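Trainee: Take this structure first; my questions come after.
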């Protein structure tokens, strides 16, 4: 007789809850839409920033626009390759923060985190303010509503991201495609034309304020590097991608680098060929658009698309900062609630915190872009430098094949980004960069103090140490009652299930009322003893708190059970007596009793 193999027991397939599967995570193209709009839309102001610096040395200095752009694109290549390495080494996200924590120590990681928090908040504010300014350029009548438009846009983007990161990516795919088509259309059509189709804006005289030299070129390079902000968001948001997460994130980073580099070079070629200088009332990109398409419908359509994408570029921060804040909370450097996720893969507390900070900043500067630009890009270049330097240390420690080549690449990038950060701080310190210089150390101090708090709490609670086995103690359950009703019956039944020693407590302003209530209690005879307290000052809370304190004397565990009446309709809840909530709050603050609240749900109202 032969025996076959025993049949395998197949566990029943448990259906995934909403947000647990890969469906709610990002594809490579979805990641480009959700996490890269900030970097891609920077072509609307990056080349213009170069022109604004070079023109201070005269119109002839505009010929250096293309060489400066090529240097920036070279740095872009280094950063893209570097962040692909960061993604491989730190697939849990975190970018510069993760690199700094592993390879450069706690202090440097805190500097990276503080710098990235500042940059992400500024990205939201700058993107929304720039989008509103672009729309006002086309429709001047909206000029008095810029702040309102920014706050409405912020509310919409926040709502989409609270719904889910995958939903935000789907909502941004069409604007991304239209933006890429518009910009590449400007480049291709412009290159095919022998001269601009139209000129827009009012001519402005060129005032030469300094001689062309190394300082001007460095300032132009640093200003143009604002086009590189946002490329770190993919490395920070790796956990939001579908499996295999690291590979998809690397693919998205490479796509971003290729598209951004091509657009920067193409636009700079047009600026260099046509000697495009700043003109009143229009942006440099608008001038290039008019030069390619004229001033017909294509011109207005392209400007509206650019406006929309600039506003939506704020979504990059909503994909990156909540993940970074979750990592900080896991390291005990932010409140632990920032590490909580909803059923969808969304760190909602991080999303809300980012929205609040961005709204405060927009209100503080009245949504004026020029007030935000001096603060912009400093934080992200500090992060760039830290991630590059950390990778140099990483390659030196591992000594893997071709480690010297990798270290040289990252070291070059670190020098370039550190130079750009130093030029930014020195050149814009008095124009507002001092705010960032003060804010970053303040955030570092905040993170350190929070970490110290959690360490002290851990020591006091003996976290990680086995405590003594608990010993049973005598217990008392106290039930405050105000009247004899179904609510009192519900409370006493629940209290008797918690312990055998139960006492009901009632408070009365006059002794006669207490005597009458005791008479009714004896007639009801619920099997629970009653203590009545006199309160001449008609205070309900303090007599009960004093009673609980007296009951806690000795080695006895005291629990207080409070019933909350809950109407079926939420609009009636404000009509209910809130004394139970007040009593629970005061008891938690003034006693060591266990506070239990149970609902009594109404069925008719």
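Trainee: Which residue out of 432, 413, 427, 379 is under 17 Å from residue 324 (Cβ atoms), in contact (Cβ under 8 Å) with a residue 12 or more places away in the chain, assigned by TED's automatic domain parsing to the domain that holds residue 102 and part of a helix (DSSP H, G or I)?
Mentor: Matching residue, one of 432, 413, 427, 379: 379.
Trainee: Answer yes or no as to whether residue 567 is closer than 20 Å to residue 491 by Cα and surrounded by fewer than 16 Cβ atoms within 10 Å (Cβ to Cβ).
Mentor: It is false that residue 567 is closer than 20 Å to residue 491 by Cα and surrounded by fewer than 16 Cβ atoms within 10 Å (Cβ to Cβ).
Trainee: Which is surrounded by 18 or more Cβ atoms within 10 Å (Cβ to Cβ), over 17 Å from residue 266 (Cα atoms) and touching a helix residue (DSSP H, G or I) at 6+ places or on another chain (Cβ under 8 Å), of 198, 182, 220?
Mentor: Residue meeting the stated conditions: 220.
Trainee: Sticking with this one: Within region 206-281, considering only helices (runs of 4 or more DSSP H) that don't extend past its boundaries, which have at least 3 residues that are without any contact (Cβ under 8 Å) to a residue 24 or more places away in the chain?
Mentor: So the answer is 245-274.
Trainee: State whether the residues of region 517-531 include one that is assigned by TED's automatic domain parsing to the domain that holds residue 480 and at pLDDT below 85.
Mentor: So far as region 517-531 goes, no, none of its residues is assigned by TED's automatic domain parsing to the domain that holds residue 480 and at pLDDT below 85.
Trainee: In addition: Go through region 362-379 and give me each residue that's within 17 Å of residue 42 (Cα to Cα) and surrounded by 14 or more Cβ atoms within 10 Å (Cβ to Cβ).
Mentor: Of everything in region 362-379, those that are within 17 Å of residue 42 (Cα to Cα) and surrounded by 14 or more Cβ atoms within 10 Å (Cβ to Cβ) turn out to be 369, 372, 373, 374, 375, 376, 377, 378, 379.
Trainee: When the residues of region 322-343 are narrowed to those that are out of contact with any helix residue (DSSP H, G or I) (no Cβ under 6 Å at 6 or more places or on another chain) and part of a loop (DSSP other than H, G, I, E, B), which ends up surrounded by the fewest Cβ atoms within 10 Å (Cβ to Cβ)?
Mentor: 343
Trainee: Which pairs have Cβ atoms under 8 Å, sit 6 or more apart or on different chains, and link a residue in region 501-513 that is farther than 22 Å from residue 528 by Cβ to one that is surrounded by 14 or more Cβ atoms within 10 Å (Cβ to Cβ)?
Mentor: 509/535
Trainee: Sort out which residues of region 284-305 are farther than 17 Å from residue 133 by Cβ, assigned to a helix (DSSP H, G or I) and out of contact with any helix residue (DSSP H, G or I) (no Cβ under 7 Å at 6 or more places or on another chain), and write them in order of number.
Mentor: 297, 298, 301
Trainee: Would you check which residues across region 380-398 are over 25 Å from residue 122 (Cα atoms) and buried (at least 24 other Cβ atoms within 10 Å of the Cβ) and list them?
Mentor: Result: 391, single match.
Trainee: For region 246-260, which residues satisfy the criterion of being more than 23 Å from the chain's Cα centre (by Cα) and within 16 Å of residue 25 (Cβ to Cβ)?
Mentor: 247, 251
Trainee: Something else: Specify the residue that is modelled with the highest pLDDT; the eligible residues are those in region 89-111 that are buried (at least 20 other Cβ atoms within 10 Å of the Cβ) and outside any helix (DSSP H, G or I).
Mentor: Residue satisfying both the conditions and the ranking: 104.
Trainee: Just to be sure, is residue 258 modelled with pLDDT of 85 or more and in the same structural domain as residue 55 (by TED's automatic domain parsing)?
Mentor: Here the answer is yes, as residue 258 does meet what is asked.
Trainee: Could you tell me whether region 148-159 includes any residue that is at pLDDT below 85 and either surrounded by fewer than 20 Cβ atoms within 10 Å (Cβ to Cβ) or in a helix (DSSP H, G or I) (or both)?
Mentor: No, region 148-159 contains no residue that is at pLDDT below 85 and either surrounded by fewer than 20 Cβ atoms within 10 Å (Cβ to Cβ) or in a helix (DSSP H, G or I) (or both).
Trainee: Going by the conditions given, is residue 192 within 20 Å of residue 66 (Cα to Cα), out of contact with any strand residue (DSSP E or B) (no Cβ under 7 Å at 6 or more places or on another chain) and without any contact (Cβ under 8 Å) to a residue 12 or more places away in the chain?
Mentor: yes
Trainee: Which of the following residues is modelled with pLDDT of 90 or more and assigned by TED's automatic domain parsing to the domain that holds residue 405: 77, 86, 81, 51?
Mentor: 77
Trainee: Let me ask something else about it. Would you confirm, using the coordinates I've provided, whether residue 240 is over 26 Å from residue 181 (Cα atoms), buried (at least 23 other Cβ atoms within 10 Å of the Cβ) and in contact with a helix residue (DSSP H, G or I) (Cβ under 8 Å, 6 or more places away or on another chain)?
Mentor: For residue 240, the condition - over 26 Å from residue 181 (Cα atoms), buried (at least 23 other Cβ atoms within 10 Å of the Cβ) and in contact with a helix residue (DSSP H, G or I) (Cβ under 8 Å, 6 or more places away or on another chain) - is met.
Trainee: Tell me which residues, restricted to region 518-531, are surrounded by fewer than 18 Cβ atoms within 10 Å (Cβ to Cβ) and without any contact (Cβ under 8 Å) to a residue 40 or more places away in the chain.
Mentor: 518, 519, 520, 522, 523, 525, 526, 527, 529, 531
The values are calculated or read from the model by the stated rules, or taken from the named source; none is laboratory data. All figures in this text were calculated on a predicted structure; none of them were measured in a lab. Neighbour counts are summed over all protein chains in view; Cβ atoms, including those assigned to glycine, are modelled from backbone coordinates with ideal geometry.
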